[in-house]
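A.B. asks: I have a structure I would like to understand better, so I am pasting it below and will then ask my questions one at a time.
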Amino acid sequence: MSPIRSTTIAALASVVLAGTLTGCQFGTADATASPIVIAADLELSGAAAPIGKAYQRALKLKVDQLNSSGALNGRRIELDVKDNRSDASESLRNIGDFSSDSQVSAIIMGGCNECAIGAVRTINEKKIPTIALATSSSVANPVADRRYVFKLGPNAADSASALAAELRRKNVRKVALLYSADDYGREGLAALQRELDKASIKLPNKAAVKVTDTDVSQQVQSLASRKSDALVIWTPPEQAALAATAAKQAHFTGSLYFDAGAAGDLFLGESAQATERATLIFTQTMAIDDVIATTPAKASRRQWFQDYTARFGGYNGASSFAADAVQLIVDAQTRAGGPADKVNRDGIRDVLETSQLDGLSGPIRMTPDNHSGLMPQALTTLVARNGRWRLAG
């Protein structure tokens, strides 16, 4: 990259950051005001630890950026992170502790669907705004029963629609599906079946795997033996990599397709050969270095990608959702008003419910009828080339 282009991108990103903060009317906040405390319930150990740690890194980076931006008028953001050990019971205890702390403005929950759904009652009773990074639509629906719960991340229906469109474009006629035996996987099965029916694509072969399975070779071998044109993998990232390797070992000759929930690290590591030329439906941020920064939003996403990779030596696709959750909460805290030394949780909830953000993940729109804010337009098609994800085309 030329020095001129790099400088331009950095300058644009600075404008985006400043615009986001000042546009939310931080006004004349007192430097002695209490900090904005954001709690995080994450999977830092147990089966889902890789994604939980990616979220933790993203939260820390985003908070550091906002604190050093100079746009908070001396006020600081503090993170209070607890490990839920990938266990819904432990997560619920964490939520109880956070909600009882009057200094906590809002909670960010990690990727555990069971954790988020299991905490809904406590979140509503304690009236603490919560943004979950889990994938299942049940996290945020029905909205009437989840007034204080919001969701960031791809929705199954949007991912299925994008997958079906790509399969149709590639003239695929027969598909096999490997999906996780959880809420998101079953939701994906139903959504994908609907979209494939519309496209006149057959789905005769499918198999489920438990989210805790560390060997999926038997299911993949069974699917591979039935001569489908493509294998769609609708599982968490670690299982998706295992499935791709198993498909190669089974000499599967069709194409591999991954739903958005399978997105993990930018660099594919040991699964690079098995995933070469595979297709992934995900947000543009995963391969934003392929994009020319023609808008402030794209410049901001590109700067985020560069900052994350510079600090951590790699990139995880889900990191942008965690960063956007921080931004939404900080914006809502500011717009909610009230005394600087007292948290206005109801005000934060009300603001979150009508939030609009051209975020690092893409366009985000919350409404009173829709608490799952990532817009379908945020999803694009990526292709694995030379051990990493690239924009298709």
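The values are calculated or read from the model by the stated rules, or taken from the named source; none is laboratory data. Because the structure is predicted, anything quoted here is derived from the model rather than measured. As a convention, Cβ positions derive from the backbone with ideal geometry for all residues, glycine included, and neighbour counts pool all protein chains shown. These area figures cover heavy atoms from the full protein model, side chains too; ligands, DNA and RNA do not enter into them. Shrake-Rupley method; radii C 1.70, N 1.55, O 1.52, S 1.80 Å.
A.B. asks: For the range 201-209, state whether one or more residues are in contact with a Ser or Thr (Cβ under 9 Å, 6 or more places away or on another chain), on the phi < 0 side of the Ramachandran plot and charged (D, E, K, R).
C.D. replies: Yes.
A.B. asks: Mind telling me which of the residues Leu357, Leu352, Leu382 ends up being at pLDDT 95 or above and under 19 Å from Ala260 (Cα atoms)?
C.D. replies: Details: Leu357 fails: under 19 Å from Ala260 (Cα atoms); Leu352 fails: under 19 Å from Ala260 (Cα atoms).
Going through Leu357, Leu352, Leu382 in turn, the sole match is Leu382.
Rundown of residues vs (1) assigned to a helix (DSSP H, G or I); (2) of a type outside the set (Ser, Thr, Tyr); (3) more than 24 Å from Glu114 (Cα to Cα), yes/no style:
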position	(1), (2), (3)
Leu189	yes, yes, no
Val220	yes, yes, yes
Glu238	yes, yes, no
Ser271	yes, no, yes
Ile288	yes, yes, yes
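A.B. asks: For the range 4-63, how many residues meet the condition of being modelled with pLDDT of 50 or more and not aliphatic (A, V, I, L, M)?
C.D. replies: Number satisfying all stated conditions: 16.
A.B. asks: Restricting attention to the range 310-343, which residues are open to solvent by 40 Å² or more (accessible area, probe 1.4 Å) and either within 13 Å of Gly359 (Cβ to Cβ) or assigned to a helix (DSSP H, G or I) (or both)?
C.D. replies: Across the range 310-343, the qualifying residues are Ala310, Arg311, Phe312, Arg335.
A.B. asks: If we only count strands (runs of 3 or more DSSP E) wholly inside the range 59-176, which ones have 1 or more residues that are in contact with a Pro (Cβ under 8 Å, 6 or more places away or on another chain) and open to solvent by 10 Å² or more (accessible area, probe 1.4 Å)? Steps first, answer last, please.
C.D. replies: Working: elements: 77-83, 104-109, 130-132, 149-151.
Output list reads 77-83.
A.B. asks: I would also like to ask the following. Tally the residues that are touching a strand residue (DSSP E or B) at 6+ places or on another chain (Cβ under 7 Å) and over 17 Å from Ala230 (Cβ atoms), restricting the search to the range 178-215.
C.D. replies: Selection size over the range 178-215: 6.
A.B. asks: Here is a follow-up. Check the range 216-231 and report whether any residue there is touching a residue at least 60 places away in the same chain (Cβ under 8 Å) and within 27 Å of Pro363 (Cβ to Cβ). Please lay out each step first, then the result.
C.D. replies: Start the filter on the range 216-231 by keeping residues that are touching a residue at least 60 places away in the same chain (Cβ under 8 Å), which leaves 230.
If we keep only those that are within 27 Å of Pro363 (Cβ to Cβ) too, we end up with none.
Looking through the range 216-231, none of the residues is touching a residue at least 60 places away in the same chain (Cβ under 8 Å) and within 27 Å of Pro363 (Cβ to Cβ).
A.B. asks: Within the range 344-361, take every residue that is part of a helix (DSSP H, G or I) and among the β-branched types (Val, Ile, Thr) and give me the one that is surrounded by the most Cβ atoms within 10 Å (Cβ to Cβ). Break it down into steps so the answer makes sense when it comes.
C.D. replies: First, the residues of the range 344-361 that are part of a helix (DSSP H, G or I): 345-352.
Imposing the further condition that a residue be among the β-branched types (Val, Ile, Thr) reduces the set to 348, 351.
Numbers: Ile348: 25, Val351: 22.
Here the answer is Ile348.
A.B. asks: Does the range 190-226 hold any residues that are surrounded by fewer than 21 Cβ atoms within 10 Å (Cβ to Cβ), hydrophobic (A, V, I, L, M, F, W, C) and closer than 27 Å to Glu43 by Cα, and which are they?
C.D. replies: Answer for the range 190-226, where residues must be surrounded by fewer than 21 Cβ atoms within 10 Å (Cβ to Cβ), hydrophobic (A, V, I, L, M, F, W, C) and closer than 27 Å to Glu43 by Cα: Ala207, Ala208, Val211.
A.B. asks: Within the range 273-286, count every residue that is more than 25 Å from Lys248 (Cα to Cα) and not in a helix (DSSP H, G or I).
C.D. replies: Adding up the residues that qualify gives 1.
A.B. asks: Among the residues of the range 254-286 satisfying the criterion of being out of contact with any strand residue (DSSP E or B) (no Cβ under 8 Å at 6 or more places or on another chain) and at pLDDT below 95, which is most open to solvent (accessible area, probe 1.4 Å)?
C.D. replies: Within the range 254-286, the match that is most open to solvent (accessible area, probe 1.4 Å) is Glu270.
A.B. asks: Residues being open to solvent by 10 Å² or more (accessible area, probe 1.4 Å) and either farther than 22 Å from Leu42 by Cβ or assigned to a loop (DSSP other than H, G, I, E, B) (or both): count how many of those fall in the range 295-309.
C.D. replies: 9
A.B. asks: Under 18 Å from the mean Cα position of the chain (by Cα), open to solvent by less than 30 Å² (accessible area, probe 1.4 Å) and over 23 Å from Thr130 (Cα atoms) - does that describe any residue in the range 287-294? Steps first, answer last, please.
C.D. replies: Within the range 287-294, the subset under 18 Å from the mean Cα position of the chain (by Cα) is 287-288.
Subset that is open to solvent by less than 30 Å² (accessible area, probe 1.4 Å): 287-288.
Retained after the next criterion (residues that are over 23 Å from Thr130 (Cα atoms)): 287-288.
Scanning the range 287-294 turns up at least one residue that is under 18 Å from the mean Cα position of the chain (by Cα), open to solvent by less than 30 Å² (accessible area, probe 1.4 Å) and over 23 Å from Thr130 (Cα atoms).
A.B. asks: Residue under question is Ile364, and the condition is that it be under 19 Å from Val149 (Cα atoms), not hydroxyl-bearing (Ser, Thr, Tyr) and not in a helix (DSSP H, G or I); does it hold?
C.D. replies: Against the criterion (under 19 Å from Val149 (Cα atoms), not hydroxyl-bearing (Ser, Thr, Tyr) and not in a helix (DSSP H, G or I)), Ile364 qualifies.
A.B. asks: Which residue pairs have Cβ atoms under 8 Å apart, sit 6 or more places apart or on different chains, and have a first residue in the range 324-344 that is without any contact (Cβ under 8 Å) to a residue 40 or more places away in the chain and a second that is open to solvent by less than 10 Å² (accessible area, probe 1.4 Å)?
C.D. replies: Ala336/Ile348
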